[in-house]
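Reading through the structure tokens given below for one structure.
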Amino acid sequence: MHTNALTLLMMQLIVIIGVSRLIGRGTRWLGQPLVIAEVVAGIVLGPSLLGWLAPDLMNTLFPTDSLPILKMLSQVGLVLFMFLIGLELDPKLLKGRGHASVAISHTSIIVPFALGAVAAALWLYKDFSDPSVPFSSFVLFMGVAMSITAFPVLARILTERGLLQSRIGAIAIACAAVDDVTAWCLLAFVVSIVRASDLAQAGLTTVFAMGYIAFMLLAVRPFLARLGARVASREGLTQNVVAGTLLLLLASAWATELIGIHALFGAFLFGAVIPKEGGLAEALSEKLEDVAVVLLLPVFFAFSGLRTQIGLLNTPEAWLTCGAIILLACVGKFGGSAVAARLTGMRWREAGAIGILMNTRGLMELIVLNLGLDLGVISPTLFTMMVLMALVTTFMTTPLLQLFYPTEELARDRLELAPPATPGSTPYTVLMCVSHQQAGPGMASLAKALAGGEGAQLHALHLVHPERVSLRGAESEPRASDQDVEGDGALAPLLGRAKSLGLAVRPLSFVSTEPAQDIRRTAEAKRADLVLLGWHKPLFSQTVLGGTVHEVMQAASGTVAVLVDRGLSDVKRVLVPFIGSRHDRAALKLARRLMRQSGAEITVLHVTSRESNGARAQVDELFPAEEGSGVRLKVVQHESPEEAALEEARHGGHDLVVVGVGAPWGLEDRVFGLQRERIVRDAPGSLLVVHESEPVVEAVATPQAAASAVASRS
């Protein structure tokens, strides 16, 4: 087989991305961010594991002469990624939180910086540094490496746990923003000292760097503001605009590399000066993020893993040193942040949560460490210890945060509290859960029919999978009105139809790792009378009642309905197949509401066999005589209720079939199914499948019931 540099690179990319995503499945299950998987994948593919178990395979996949190509590709990825990090930093994050954020973030830099510098001076420099490395460079670099916080990883964790709109989440994201800017300025200064041949050159490099920052703020930023306004008001983000932006990005990275403070700082600075208003920053992020994060960034992790040699820690003393570095890093970052947060007036629980979040290092730490290794400031052994420190401090964030700041604390400290319920009758409430855009319009039409003219409360919920969260999506504020999100994602078609129907719908969207449980929690918080789910064909299963739908039905404590929409726009004629189960009764109740609120004509198809004919009384109970004008009861004898319902649906001209879950209708609540239910497959119109949870059995019976039970036993 012919192998050249290109085929080798393609093979390396396939292995790197595949292993990263495979390990990512496991880390997601553990509640860890994807960056953990990518770092671990890099170490797995390097000499620490693959090189130990199968050195020939590692040398075949990653021969020494291919590493320069991987390094350059990873550097391009880092330039793009640092640009995206700069795009993230929004001055609005500091609005109203400037004093506390600056105090906490600077303390979280000063304390670990001091501990790292002292440890380097008294201990690490002697044992883990080359004599050719200047003492001052090593001490300053170790101080910076100890004080880094990973802004992107922190933003992901806050978003996935729903903490961005809590008090600690808002403060932590602002602290991380200040921390990032301060730490990168410090790092630029340290790199200028390391690269300079003498003190005078270091001073000159610093002067050039300050001049370049002033040029970017005073000259480039106003130009970018005008460009952003033009993009927002005219042609949008064209290829020419993207090309021009990339040229400026590369020029900025080239300029800072030429000055002597590394290309990454120029990329970061250029992203930071792009105005966040007007949509230019968001549009650029959407264009570049997937390529940078999915394709190029894992190459950097793999390259870092190839340089991480855990085998170098081959003595108890080396592992003790590694443990001491991890302890110092945690004490400095966690302790400094927590104490500073406490001094700004937070409770100890909140301060502890801030300390845990600020102790997250992840990707940013790896960038700093690779820079130090490239410059020759740190040795491969110390590099390995610091990589392990970055992994441990990132891995511990999620479980410790759950311990310090559980769900009940999050509910207590929400920034936007739900409005208190008004006294009197509770309005009818529908929670519409939208996964894909196609389900939205039909849900809005059904909600209109259920709400009618009364003041019902309608909520539209869209849950975002963590892997679909963009970097900028982590800092977006919650939207409170349909005007704010009408053009946004999966909820847009629903909100557009609702607006045309004159419906007031309250949108809600957040990141969820447990969709079924989050739907249940939201339904309980909103006191929903009906949870309405949209159905789309799953990747593997065919059944309507499988997957997340099955989990929601098992978890919910009320009525859950799944809408199979086939162009539902108006609800005038409704068919309700009926045998008598609790699910059938729930379907009848919904049909009664459709009749009362929108004047729909209801056909109740009571299917019976020769053996049973006792459901008519239940229909009469739910539809009293005074409401009977809009109800037609049709009784048929048929051995197959499913076939009878389909026959009526084909010839009755109904807009909607409302059917309860149950084996007679071929609708069984199950996790997985290879065959789509026949009534769903063959029904000509839209279908609403209704599930009613089992009634809660009271622990203490009423006196009358107790007396009856005693009489029956005696």
Lone unmet requirement of (1) at pLDDT 50 or above; (2) farther than 17 Å from His606 by Cβ; (3) surrounded by fewer than 19 Cβ atoms within 10 Å (Cβ to Cβ) for Thr702: (1)
Residue match in segment 337-344 (condition: under 23 Å from Leu382 (Cα atoms) and in a helix (DSSP H, G or I)): no
Residue that is surrounded by the fewest Cβ atoms within 10 Å (Cβ to Cβ) [pool: residues in segment 196-210 that are farther than 15 Å from Phe265 by Cα and in contact with a helix residue (DSSP H, G or I) (Cβ under 8 Å, 6 or more places away or on another chain)]: Ala196
Members of segment 492-534 found to be of a type in the set (Gly, Ala, Ser) and either surrounded by fewer than 19 Cβ atoms within 10 Å (Cβ to Cβ) or out of contact with any strand residue (DSSP E or B) (no Cβ under 9 Å at 6 or more places or on another chain) (or both), listed by number: Ala492, Gly496, Ser500, Gly502, Ala504, Ala516, Ala525
Residue tally, condition surrounded by 24 or more Cβ atoms within 10 Å (Cβ to Cβ) and outside any helix (DSSP H, G or I), over segment 572-599: 5
Any hit, segment 335-342, residues being surrounded by 18 or more Cβ atoms within 10 Å (Cβ to Cβ) and free of Cβ contacts under 8 Å to residues at least 60 places away in the same chain: yes
Options Glu621, Glu611, Glu626: the member that is in a helix (DSSP H, G or I), modelled with pLDDT under 65 and surrounded by fewer than 17 Cβ atoms within 10 Å (Cβ to Cβ): Glu626
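Do we find that Asn314 is without any contact (Cβ under 8 Å) to a residue 12 or more places away in the chain, open to solvent by 60 Å² or more (accessible area, probe 1.4 Å) and part of a helix (DSSP H, G or I) in this structure? Break it down stepwise before answering.
Values: without any contact (Cβ under 8 Å) to a residue 12 or more places away in the chain: yes; open to solvent by 60 Å² or more (accessible area, probe 1.4 Å): yes; part of a helix (DSSP H, G or I): no.
No, not satisfied.
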Residues of segment 548-606 satisfying the condition of being under 31 Å from the mean Cα position of the chain (by Cα) and of a type in the set (Ser, Thr, Tyr): Thr548, Ser557, Thr559
Residues of segment 649-667 that turn out to be more than 20 Å from Arg573 (Cα to Cα) and not in a helix (DSSP H, G or I), as a count: 4
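How many residues are within 13 Å of Gly279 (Cα to Cα) and open to solvent by less than 20 Å² (accessible area, probe 1.4 Å) if we restrict to segment 212-235?
Filtering segment 212-235 down to residues within 13 Å of Gly279 (Cα to Cα) leaves 224-235.
Going one step further and asking which of them are open to solvent by less than 20 Å² (accessible area, probe 1.4 Å), we end up with 224, 228, 231.
Within segment 212-235, residues that are within 13 Å of Gly279 (Cα to Cα) and open to solvent by less than 20 Å² (accessible area, probe 1.4 Å) number 3.
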Segment 99-144 - residue that is closer than 28 Å to Ala170 by Cβ and not aliphatic (A, V, I, L, M) and, of those, modelled with the lowest pLDDT: His99
Count - residues of segment 274-287 that are assigned to a helix (DSSP H, G or I) and crowded, with 20+ Cβ neighbours inside 10 Å: 4
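Quick test for you: out of Arg670, Arg676, pick the one residue that is open to solvent by less than 70 Å² (accessible area, probe 1.4 Å), modelled with pLDDT of 50 or more, in a loop (DSSP other than H, G, I, E, B) and of a type outside the set (A, V, I, L, M, F, W, C). Working first, answer last.
On the way: Arg670 fails: open to solvent by less than 70 Å² (accessible area, probe 1.4 Å).
Being open to solvent by less than 70 Å² (accessible area, probe 1.4 Å), modelled with pLDDT of 50 or more, in a loop (DSSP other than H, G, I, E, B) and of a type outside the set (A, V, I, L, M, F, W, C) holds for just one of Arg670, Arg676, which is Arg676.
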Unique residue being open to solvent by less than 10 Å² (accessible area, probe 1.4 Å), within 26 Å of the chain's Cα centre (by Cα) and closer than 15 Å to Met82 by Cα when the list is Met358, Met364: Met364
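The values are calculated or read from the model by the stated rules, or taken from the named source; none is laboratory data. Computed from a prediction, not measured in an experiment: that's the story for all the values here. Glycine also receives a Cβ, built like all others from the backbone with ideal geometry; neighbour counts cover every protein chain displayed. The protein model used for the area step is the full one, side chains on, heavy atoms only, and it has no ligands, DNA or RNA in it. Shrake-Rupley method; radii C 1.70, N 1.55, O 1.52, S 1.80 Å.
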